[in-house]
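Novice: Take a look at this one; I'll ask things after.
No value in this document is a laboratory result; all are computed from the given coordinates. All values derive from a computational prediction rather than experimental measurement. Because the Cβ atoms are built from the backbone with ideal geometry, glycine has one as well, and the counts that use them run over all protein chains shown.
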Amino acid sequence: MANEHTIRELSHEDRTFDPPPDFAAQANVTAEEYTKAEEDRIGFWAEKAQRISWETPFDEVLDWSEAPFAKWYIGGKLNAAYNCVDRHVEAGLGDRVAYYFEGEGGDTRVITYADLQREVSKTANALVELGVKAGDRVALYMPMIPETVFAMLACARIGAPHTVIFGGFSDRAIADRVEDCGVEIVITADGGYRRGKTNALKATVDKALQDLPQVRNVVVVQRTGQEVNWDDDRDIWWHDLVDRQSETHDLEFFDAEHPLYIMYSSGTTGKPKGIMHTTGGYLVGTSYTHWAVFDIKPETDIFWTAADIGWVTGHSYIVYGPLANGTTSVLYEGTPDTPHRGRWWEIVEKYGVTVLYCAPTSIRTFMRWGRDIPAKYDMSTLRLLGSVGEPINPEAWMWYREHIGGNNCPIVDTWWQTENGSILISPLPGVTSTKPGAAMRALPGIVADIYDEQGQPVEPGSGGYLVITEPWPAMLRTLWGDEERYKKTYWSQYPGVYFAGDGAKYDRDGDIWVLGRVDDVLNVSGHRMSTAEIESALVAHSMVAEAAVVGAQDETTGQAIEAFVILRESAKDRDDAVQQLRDHVRASIGPIATPRAIMVVPDLPKTRSGKIMRRLLKDVAENREIGDVTTLADASVMDAIQEEMRARQ
Ligand code: 6R9
């Protein structure tokens, strides 16, 4: 029986899917990899480091003597951009395509590794001309265009850590980040394309920098051609600066622990955390996991991470992992419904995408639009599908498998965080028998567990807090300028152990299910439950495309469950829907999980990476002024929900 310190297991999944035999037969990784890593974890990571080219070999794999401050590959020297670009050209692969770029409006560019080498070298020379030195931070506020990759790699090439700010964030968010990490150079564009319209980026940067004279230069890519204000002393067009630079740039090599980038992650409270990654361990982690989890065959695969570069998923699996492995990727600028709802599948068909990696929020959106749309395209090239960012509801997993993967692609549900740098928990596609909705187990070389409040591992069949008990190469090294917060946030709940802040459970077979942020755990009459499982029960109903569940204050039960649902286009009768859904949850989970209220809404509040922001819904459910919305992808969503709420009262 679940006690008050563990999260109750609400659901169980009996469906399992073995890797298709022909897939397993050709897979990069076999089950022996787990045994090898268990026998000698440090030796395993020493071997994996050979995927990377080191100018000076490292003499020690891990120094954990000043835990929780880790050092990996001590004494090693390397250059991240050399590993992602130059070494492939030197190996004779200059003609291989690095990116098929697809603009939202249909403009395209094909960028080979040789092109990439020239563009990155030119951009590096440009940054040097602006006085950027190793260690200086450079901020990027960009659309999803090739120049974003050129700029990131140019920074890496000269040892200047980049901090990429998601192009949807506000001037306030830019100002906070520029100030926190002492940025003096910002790279942006006049604007980007979003849903067929242009959104202003330069204008937002101008506003952000009003009171920040520390920024010496703003480099501006011309993307949309829209009108921009210009400060002659500060602003420079990318084409004026970069185009005239030399196509070669002399490399310098950096220490394995040299900072590669800082990525800000907003907590629910307090100022954003500057998560810092370094060079050697991060490249080893992203390269290895990209190869193992996505079974990458660089000669033949067309890999597509359909995510934003401003999210860690883009850093690790659009840029560093795929390029370190010499992969051909798709880079798509726009939204899935521009100019029509089949855009993604058109891209899969056009480029013959073999491996697709995206977020559950996208899959649920496609479910809402209906299966007829993907059915119109030839997607037979797909051989593997991935999911990241949130728990994937079992029904969304099944839909992905059937309607996108044609029932023969393994699905890897990959759990990790900005802090982790690379995937930590995931099936291995040629090895694992997968279950819809489960991230399954830690990858080889990673040691994860689920603890109760006292720090004891929980038993199969119950839940608690997800922890990583041993350091790993791509882990964050600190929070920029705030070592105390680093220790307190991640290493203080259980001494010496990384606390992820996620709830998780072991199912009866001992496989891991990640249940989302611990702040999202509900407590109804003393029963601790996860929002994810109740949401999955709702999504399992044929009328529902998406659901978000929150715990709202309740005088008798402590908290009561309130659900917000988006109906599928095929489901219309709303009054009847609410009653049916309440009965459905009661029947599938039990009376304890019956929502007090279910509200049908047109959309849900989400972050840039598609995570539902439950705290805003909680504000609505508890009749409060809604909190900070600066990291919301589309702020108008909350207005629509409050409108519905008023109509209901
Ligand atoms: C890569 C990324 C991290 C948080 C993480 C967790 C949630 C990510 C998940 C998942 C369940 C998965 N999360 N992947 N939850 N299953 N496969 O998303 O990084 O933006 O830092 O978010 O996302 O709650 O703690 P980040």
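Novice: Sort the stretch 34-80 into rounded, prolate or oblate with this rule: let a ≥ b ≥ c be the square roots of the eigenvalues of the Cα gyration tensor; rounded if a/c is under 1.5, and if a/c is not under 1.5, prolate when a/b is larger than b/c, oblate otherwise.
Specialist: Here the stretch 34-80 falls in the oblate category.
Novice: Something else: For the stretch 522-554 and the stretch 253-325, what is the separation of their Cα centres, given in Å?
Specialist: A separation of 32 Å, based on Cα centres.
Novice: Further question: 7 Å from Cα along Cα→Cβ at both K350 and S636: what's the point-to-point distance in nm?
Specialist: For the pair K350/S636, the computed spacing is 2.6 nm.
Novice: Which whole-percent values make up P(r) of the stretch 499-629 when all C-alpha to C-alpha distances are grouped in 5 Å steps starting at zero?
Specialist: All Cα pairs considered, the percentages come to 2, 10, 20, 24, 21, 15, 7, 2, 0.
Novice: Rg/Rh for the stretch 352-484: what does it come to with C-alpha atoms and Rh from Kirkwood?
Specialist: Looking at the stretch 352-484, the ratio lands at 1.04.
Novice: Have a look at the DSSP beta bridges in the stretch 217-368 and tell me what percent are antiparallel, nearest 5.
Specialist: 45
Novice: Over all Cα pairs of the chain, how is the pair count split among 20 Å bins, expressed in % and running from 0 up to the last occupied bin?
Specialist: Result returned by the calculation: 19, 55, 25, 1.
Novice: Using only Cα atoms, tell me the angle between helix 636-648 and the longest principal axis of the chain; keep it within 0 to 90° and round to the nearest 10.
Specialist: Roughly 10 degrees, rounded to the nearest 10.
Novice: For the stretch 165-295, what is the Kirkwood hydrodynamic radius in Å, using each pair of distinct C-alpha atoms?
Specialist: 17.3
Novice: Given A27, W54, N79, which one lies farthest toward the positive end of the charge dipole of the stretch 26-147, if we put +1 on the Cβ of every Lys and Arg and -1 on the Cβ of every Asp and Glu?
Specialist: Ranked along the dipole, the leading option is N79.
Novice: From the C-alpha gyration tensor of the stretch 565-623, pull out the three semi-axes of the equivalent ellipsoid (sqrt of 5λ each), sorted largest to smallest, in whole Å.
Specialist: Gyration-tensor ellipsoid for the stretch 565-623: 21, 16, 11 Å.
Novice: Sticking with this structure for a sec: Can you give the helix-only mean residue ellipticity at 222 nm for the chain, where every DSSP H stretch with n ≥ 4 adds -39500 (n - 2.57) and the sum goes over all residues, rounded to the nearest 500 deg cm²/dmol?
Specialist: The helix-only estimate for the chain comes to -7500 deg cm²/dmol at 222 nm.
Novice: Here's something else I'd like to know. Which value, in debye to the nearest 20, describes the size of the charge dipole of the chain about its Cα centre when Lys and Arg Cβ atoms bear +1, Asp and Glu Cβ atoms bear -1, and nothing else is charged?
Specialist: Computed charge dipole of the chain: roughly 840 debye.
Novice: With θ taken as phi - 60° and the coefficients 6.51, -1.76 and 1.60, list the Karplus ³J(HN,Hα) couplings across the stretch 609-614 in order, rounded to whole Hz; mark glycine and proline as x.
Specialist: 9, x, 7, 5, 8, 5
Novice: Shape verdict for the stretch 73-232, please, from the Cα gyration tensor: rounded (a/c under 1.5), prolate (a/b greater than b/c) or oblate.
Specialist: Oblate, because a/c is 1.5 or more while a/b does not exceed b/c.
Novice: One-quarter of the Cα convex hull surface for the stretch 282-398, in nm²?
Specialist: About 7.1 nm², averaged over all directions.
Novice: Of K122/K487; K71/K350; K207/K350; K505/K606; K197/K350; K71/K271, which sit over 32 Å apart, Cα to Cα?
Specialist: Among K122/K487; K71/K350; K207/K350; K505/K606; K197/K350; K71/K271, the Cα-Cα distance tops 32 Å for K122/K487; K71/K350; K207/K350.
Novice: Among bridges DSSP assigns within the chain, what percent are antiparallel (round to 5)?
Specialist: Beta bridges within the chain, antiparallel portion: roughly 60 percent.
Novice: Right, another one. Where does helix 146-158 land angle-wise versus the long Cα axis of the chain, in degrees 0 to 90, nearest 10?
Specialist: On a 0 to 90 degree scale, this one is about 60.
Novice: What's the extension gain from E47 to S542 if we count 0.36 nm per residue and subtract their Cα-Cα distance?
Specialist: Full extension from E47 to S542 adds 173.4 nm.
Novice: So which trypsin sites (Lys or Arg not before Pro) in the stretch 1-110 pass both tests, a DSSP loop state and at most 15 other Cβ atoms within 10 Å of the Cβ?
Specialist: Of the trypsin sites (Lys or Arg not before Pro), the ones in loops of the stretch 1-110 whose Cβ has at most 15 other Cβ atoms within 10 Å are R15.
Novice: For the stretch 344-429, what is the relative contact order in percent, using Cα pairs closer than 8 Å and at least 6 residues apart in sequence?
Specialist: 28
Novice: Given the convex hull of the Cα atoms of the stretch 146-208, what is a quarter of its surface area in nm²?
Specialist: Average projection, Cα convex hull of the stretch 146-208: 4.4 nm².
Novice: If one puts a single equal scatterer on every Cα of the stretch 49-111 and applies the Debye formula without solvent, what log₁₀ I(q)/I(0) results at q = 0.19, 0.22, 0.30 Å⁻¹?
Specialist: So the normalised log intensities are -0.80, -0.91, -1.18.
Novice: Right, next: Could you give the C-alpha radius of gyration of the stretch 512-582 expressed as a fraction of 2.2 N^0.38 Å, taking N as the number of residues it contains?
Specialist: 1.18
Novice: Also, I was wondering about something else. In percent, how large is the relative contact order of the chain, given Cα pairs closer than 8 Å and 6 or more residues apart?
Specialist: 14
Novice: What FRET efficiency would be calculated for the residue pair R172, Q553, taking the C-beta separation as r and a Förster radius of 30 Å, to the nearest 0.05?
Specialist: So the FRET efficiency works out to roughly 0.50.
Novice: Relative contact order of the stretch 576-624: what whole-number percent is it, with Cα pairs under 8 angstrom and at least 6 residues apart?
Specialist: Relative contact order here is 22 percent.
Novice: If you stretched the chain out fully between D240 and N408, how much longer would it get, using 0.36 nm times the residue separation minus the C-alpha to C-alpha distance?
Specialist: 55.5 nm
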